[in-house]
Amino acid sequence: MPDIVDELHYLTAQEAGDRIRRGELSPVELVQASLDRIEATEDRLHSFITLLKGEALEQARMAEAEISKGDYRGPMHGIPYGLKDLYDTAGIRTTAASKVDFDRVPEEDATVVTRLREAGAVLVGKLVMHEYATGAPDFTSPFQPARNPWNLEHATGGSSSGSGSAVSAGQVMGALGSCTGGSIRGPASLCGIVGLKPTYGRVSRHGVVTLSWSQDHCGPMTRTVWDAAVMLLAIAGRDPKDPTTSAAPVPDYTSSLGEDIKGLRIGVPRHYFFEPNPDINPEVVAVVEKGLGALQELGAILEEVTVPNLEYARAVNAIIMAGESYAFHERNLKTRPNDFGEAVRSRFRIGALLSAGDYVQAQRCRQLVKRGFAEAMAKVDLLVTPTTAYPAPRFEDYDTAFTLRGPSFTAPFNVTGLPAISIPCGFTEAGLPVGMQLVGKPFDEPTALRAAYAYEQHAGWSQLRPPI
Amino acid sequence: MSTAENEGVSPEVFRQMAERAGLGLTEEELERLRPLYGLYLEFANQLHAVDLQAEEIALAFQPDWQS
């Protein structure tokens, strides 16, 4: 197991922010450490599509000047972060990792980019992803797939692949991913970091390249739960430019961190997520079982629950995604199909072959799935599951079809919009990270974060570093 | 779940569907896409088999002028 280390680029945002606030660390020094780490590792990791070295140092100098004048904006001020390359950035190329948008330069920032800038965060670069947030690692793409810092022969998971590798390897202190079926929690789990998909409507999608309007979510990927809470706090809230955002007040997500979880009721849906199944890696389940045991030691009460109608979630997610993604990409699919990668082009084309009735039926079944979770969670505060059914696969073993055919432990929460966080939970015998998923009730991110933080502090996995 | 052996519709029917959708696929593309369509057809059939009675759709139209 790798040693615990204490290097500047591996500080958490919380640690770095504290030192910046106290005047013990300069944002310029911190951002330079991030850039140095990128320079030292990027040829092996391929996390970035666009590196913004000059811009980042300029932002860091501005942050330093503001802070020295007493204008400290909060815990994200001066913190280096990255963006999955589907978040629009004014004047900076935003490709969604596709040849279709190879030269696209937006005129306006995505709402969340504006909010992070207002919080004083320093954008270091735009991160690699699976093309248009779907598909698989594609070695024919002009953007090489990101590699897993825990083993470079293994994939990171997707679609927020570069976000996973960059945060895990200490290239940045946090990143934004996006998620339509598991694209934040999957790579977080496979790269040994924290990934938070908030409640649908909690974070604006304005200025974020669409995959599926009604299932897309934006959220943070960080090394610790506290950092995820702070990053969510910076980006959450109503946005008039995104009519699906909620006007519900945004709580201070850090305020409940550190509270104990004695008496917290945790539902364990064994019937789908834990039971023996040739498509579920037993080593992953065993690691998460230990995680459940730790939650119990911390005082949580475990209770087996059954989620009615869960069996429809996979199909609902796939049919809605197919219809909505085709509608978004139809013009380019017909006029310049060869600019899409093969896997993505095929998936998007399926949407043209499904009927309007298929889509509407999926949106009706979605209600059943939502009610099923409401029933299952009526007497518990959270659900806990493995995040993925398998650890990071080797690139040569990556089975694109399996990502559709096999079980998805994450997609049900894109269908229902429930908040879900993946946290590091241990390792396989081969040294690959395993994630545990905690699922809250609508807009109850605080309870999920509280339990995740309690586990994280107890287990200590977040202090381990990949061997790169 | 679907496999390559269970491709949902015949090649000829699939060709007609793709033409009607205006996809302009080559023979090779048709051949490659048909197994994937078979998988999605199984998904769709699973959902059509549910008796939803008067269930409404999950998305709702918003008449206000800000949305």
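The values are calculated or read from the model by the stated rules, or taken from the named source; none is laboratory data. Values in this document were obtained by computation on a predicted structure and should not be read as measured data. Methodologically, a virtual Cβ is constructed for each residue, glycine included, from the backbone with ideal geometry; neighbour enumeration extends over all protein chains shown.
Taking the criterion of being part of a helix (DSSP H, G or I), out of contact with any Lys or Arg (no Cβ under 7 Å at 6 or more places or on another chain), of a type outside the set (D, E, K, R) and under 20 Å from A:V305 (Cα atoms), the residues of region A:362-413 that qualify are A:Q367, A:L368, A:V369, A:G372, A:F373, A:A374, A:A376, A:P412.
Looking only at region A:287-308, decide whether some residue is touching a residue at least 24 places away in the same chain (Cβ under 8 Å), within 14 Å of chain B (Cβ to nearest Cβ) and either of a type in the set (S, T, N, Q) or closer than 17 Å to B:L47 by Cβ (or both). For region A:287-308, residues touching a residue at least 24 places away in the same chain (Cβ under 8 Å), within 14 Å of chain B (Cβ to nearest Cβ) and either of a type in the set (S, T, N, Q) or closer than 17 Å to B:L47 by Cβ (or both): present.
Within region A:338-347, if we keep just the residues that are at pLDDT 95 or above and part of a helix (DSSP H, G or I), the residue that is surrounded by the most Cβ atoms within 10 Å (Cβ to Cβ) turns out to be A:R347.
When you look at B:V50, is it assigned to a loop (DSSP other than H, G, I, E, B), at the interface with chain A (Cβ under 10 Å from one of its Cβ atoms) and at pLDDT 95 or above, yes or no? Criteria met by B:V50. Each residue in region A:123-175 was checked for being part of a strand (DSSP E or B) and in contact with a Leu (Cβ under 8 Å, 6 or more places away or on another chain), and 9 pass.
Candidates in region A:414-423 are the residues that are within 14 Å of another protein chain (Cβ to nearest Cβ) and not hydroxyl-bearing (S, T, Y); of these, the one that is nearest to A:L310 (Cα to Cα) is A:V415. Just one of the listed residues (A:G74, A:G135) is farther than 18 Å from A:M221 by Cβ and buried (at least 24 other Cβ atoms within 10 Å of the Cβ), and it is A:G135. Summed over region A:338-367, residues that are closer than 24 Å to A:G158 by Cα and more than 7 Å from chain B (Cβ to nearest Cβ) total 11. Given the conditions (1) in contact with a helix residue (DSSP H, G or I) (Cβ under 9 Å, 6 or more places away or on another chain); (2) modelled with pLDDT of 95 or more, which single one is not true for A:R265? Only one criterion in (1) in contact with a helix residue (DSSP H, G or I) (Cβ under 9 Å, 6 or more places away or on another chain); (2) modelled with pLDDT of 95 or more is unmet by A:R265, namely (1). Please go through region A:324-339 and pick out each residue that is without any contact (Cβ under 8 Å) to a residue 40 or more places away in the chain and of a type in the set (G, A, S). A:A327 - this is the single residue of region A:324-339 that is without any contact (Cβ under 8 Å) to a residue 40 or more places away in the chain and of a type in the set (G, A, S). One residue alone among A:K379, A:K370 is within 12 Å of another protein chain (Cβ to nearest Cβ), within 24 Å of A:R265 (Cα to Cα) and of a type outside the set (D, E), and that residue is A:K370. Within region A:26-85, the set of residues being farther than 24 Å from A:W226 by Cβ and outside any helix (DSSP H, G or I) comprises A:H46, A:F48, A:I49, A:T50, A:L51, A:L52, A:K69, A:G70, A:D85. The strands (runs of 3 or more DSSP E) located wholly in region A:207-306 that include 2 or more residues which are closer than 25 Å to A:A13 by Cα occupy A:217-222. Annotation note: Cβ proximity below 6 Å between a residue of region A:28-52 that is surrounded by fewer than 18 Cβ atoms within 10 Å (Cβ to Cβ) and a residue that is of a type in the set (S, T, N, Q) and part of a helix (DSSP H, G or I) (sequence gap 6+ or interchain) occurs for no pair. When region A:7-24 is filtered for residues that are in contact (Cβ under 8 Å) with a residue 12 or more places away in the chain, part of a loop (DSSP other than H, G, I, E, B) and over 19 Å from A:G82 (Cβ atoms), only A:G23 remains. Within region A:314-337, the set of residues being away from chain B (no Cβ under 11 Å) and assigned to a helix (DSSP H, G or I) comprises A:S325, A:A327, A:F328, A:H329, A:R331, A:N332. Scanning region A:206-219 for residues that are within 26 Å of A:R349 (Cα to Cα) and touching a Pro at 6+ places or on another chain (Cβ under 6 Å) turns up nothing. Residues of region A:158-171 that are within 19 Å of A:G341 (Cβ to Cβ), modelled with pLDDT of 95 or more and out of contact with any strand residue (DSSP E or B) (no Cβ under 6 Å at 6 or more places or on another chain): A:S159, A:S161. Against the conditions (1) touching a strand residue (DSSP E or B) at 6+ places or on another chain (Cβ under 7 Å); (2) over 22 Å from A:H9 (Cβ atoms), A:D71 satisfies every one except (1).
The condition (being farther than 19 Å from A:A234 by Cα and within 24 Å of the chain's Cα centre (by Cα)) is satisfied by just one residue among A:L52, A:L25, A:L57, A:L83: A:L52.
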